[in-house]
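The values are calculated or read from the model by the stated rules, or taken from the named source; none is laboratory data. Keep in mind it's a predicted model, so treat the numbers as computed, not measured. Quick reminder, even Gly has a Cβ in these numbers, built from the backbone with ideal geometry, and neighbours come from all protein chains shown.
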Amino acid sequence: MLAVLRRRDFAMLWFAGLISMIGDGMLAVALPIAVYHLTGSALATGGVLIANKLSALALGSFAGVFVDRWDRQRTMVTANVIRALLLLPLLAVNSADRIWIVYVIAAALSAVGQFFRPAENALLPLLVDRDQLVPANSLNALGANLSGLVGPALGGVTAAWIGLGGVAAVDSVSYVIALVMIAAIALPAQRERATTQGSPREKARSLGRDWLEGLRSVSGNPTLRVVFTAFALASLGEGVWQTAFWGYVDQALEGGAPEAGWLLSAQAVGGLIGATLIGARARNRHPLALLGWGSMGLGLIDLALFNYPAFVGGIGLGLGLMAVVGLPATAFGTGYTTLLQTESADENRGRVFGALLAVSALFMIAGAVFAGFAMERFSAVTVLTFDGLGYVFAGLYALRALMSGGARQPVTPTVERLVTP
């Protein structure tokens, strides 16, 4: 797996992502802590997540159209410049009457991210060979878990030391470092992307046609249909998880913030192990099998995690289960990312990833709303059962499609290169 890092340009992209994700991990802890500290309201704190996901829902699918029209490297650099500047107003958040700034910035950061993430995922296949996609995506999962281990811990310490403004400044610097590294990537020569000429109305119509073409490329591809359906089911469960997890820690484990932090850190440690194993041993596995078995494993381990406190006391077994879940989580992420990269043509890849972000946001919001109302009547463990079942059903659906031939074998991605990197 580490051999992929010998590809200079991929290594630049990977380290840039790692640095900026560590900064984002710091902010992900500091933002809700600051909102709760200034308002004392759980509802106000939840508004940060809602603002983030509404932007993803509104822009995700359309942003991909622009990504496919623009230079992807330049899009990523520009996005990081904007995000570095957007963080600066958080320096002024020092009282409850300025919390609205947090919501605006959370929504704006998410909006810009809808352009960055599809561009990043669409760019990656240009930097490695096809048989290196699984190791490359496993390395990305490794980076995400490293940032999940380091970022939140640094964020908590930094927020306690110099406050939300200090964390925002550090995250802003991380974007600047990342954009310099991305700008240094030497891409292979590519054909010019088609641009629309004419009046604003003609350009709008052209954008609409491109958006519909992206949706048709998903609906007309049996493998992509499977990925999107499985991802929707999993996202529904993830929305439940992110809403009810804190209630589970309180009710089932009789713990608080420290116990929640230990569990999340254990998951990151397990993810590091999972990324290493998947990258080293799963190169020749069908990506849909990785997605299916990974989703199944996630769901079953989650169900065990939620229900074990009824039989065994303490947090020890929970830490072990959270560590183990890192392996199927990495398989799931590597599987769906590789499938989207190999099953979408280069000219459509950005809008396919953008559409997936929109679908994920929609179903995560639905899961969060369901969990919010259900928690009023049922225990956190009962509500979280739907998280586990969502992942199990997603895995069963993907594996059934694989075994029945409902999804074709992965194909070589359509990438218009003039030279080999």
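The residues of segment 54-89 include none that are outside any helix (DSSP H, G or I), among the charged types (D, E, K, R) and surrounded by 21 or more Cβ atoms within 10 Å (Cβ to Cβ).
Determine if segment 119-128 includes at least one residue that is acidic (Asp, Glu), under 30 Å from Ala323 (Cβ atoms) and either in contact with a helix residue (DSSP H, G or I) (Cβ under 8 Å, 6 or more places away or on another chain) or assigned to a helix (DSSP H, G or I) (or both). Scanning segment 119-128 turns up at least one residue that is acidic (Asp, Glu), under 30 Å from Ala323 (Cβ atoms) and either in contact with a helix residue (DSSP H, G or I) (Cβ under 8 Å, 6 or more places away or on another chain) or assigned to a helix (DSSP H, G or I) (or both).
Based on this model, can you work out whether Val102 counts as on the phi < 0 side of the Ramachandran plot and outside any helix (DSSP H, G or I)? Spelling it out, it is not the case that Val102 is on the phi < 0 side of the Ramachandran plot and outside any helix (DSSP H, G or I).
Go through segment 326-356 residue by residue and tally those that are surrounded by fewer than 24 Cβ atoms within 10 Å (Cβ to Cβ) and either aliphatic (A, V, I, L, M) or over 22 Å from Asn137 (Cα atoms) (or both). The number of residues fulfilling the criteria is 2.
The condition (being out of contact with any Pro (no Cβ under 9 Å at 6 or more places or on another chain) and closer than 11 Å to Met21 by Cα) is satisfied by just one residue among Leu146, Leu164: Leu146. In segment 6-25 there is no residue that is surrounded by 19 or more Cβ atoms within 10 Å (Cβ to Cβ), under 29 Å from Ala268 (Cβ atoms) and among the basic types (Lys, Arg). Only one entry of Ala92, Ala136, Ala169, Ala141 meets the criterion of being surrounded by 23 or more Cβ atoms within 10 Å (Cβ to Cβ) and either of a type in the set (Phe, Trp, Tyr) or modelled with pLDDT of 80 or more (or both), and that entry is Ala136. Of all residues in segment 6-39, those being polar (S, T, N, Q) and farther than 14 Å from Gly151 by Cβ number 1.
Within segment 382-397, the only residue that satisfies the criterion of being farther than 13 Å from Gly237 by Cα and either surrounded by 22 or more Cβ atoms within 10 Å (Cβ to Cβ) or in contact with a helix residue (DSSP H, G or I) (Cβ under 6 Å, 6 or more places away or on another chain) (or both) is Tyr397. Would you call Asp250 modelled with pLDDT of 85 or more, among the acidic types (Asp, Glu), in the same structural domain as Arg400 (by TED's automatic domain parsing) and not in a loop (DSSP other than H, G, I, E, B)? Considered against the rule, which asks whether it is modelled with pLDDT of 85 or more, among the acidic types (Asp, Glu), in the same structural domain as Arg400 (by TED's automatic domain parsing) and not in a loop (DSSP other than H, G, I, E, B), Asp250 comes out as no.
For the criterion of being in a helix (DSSP H, G or I) and of a type in the set (Gly, Ala, Ser), Ala329 passes.
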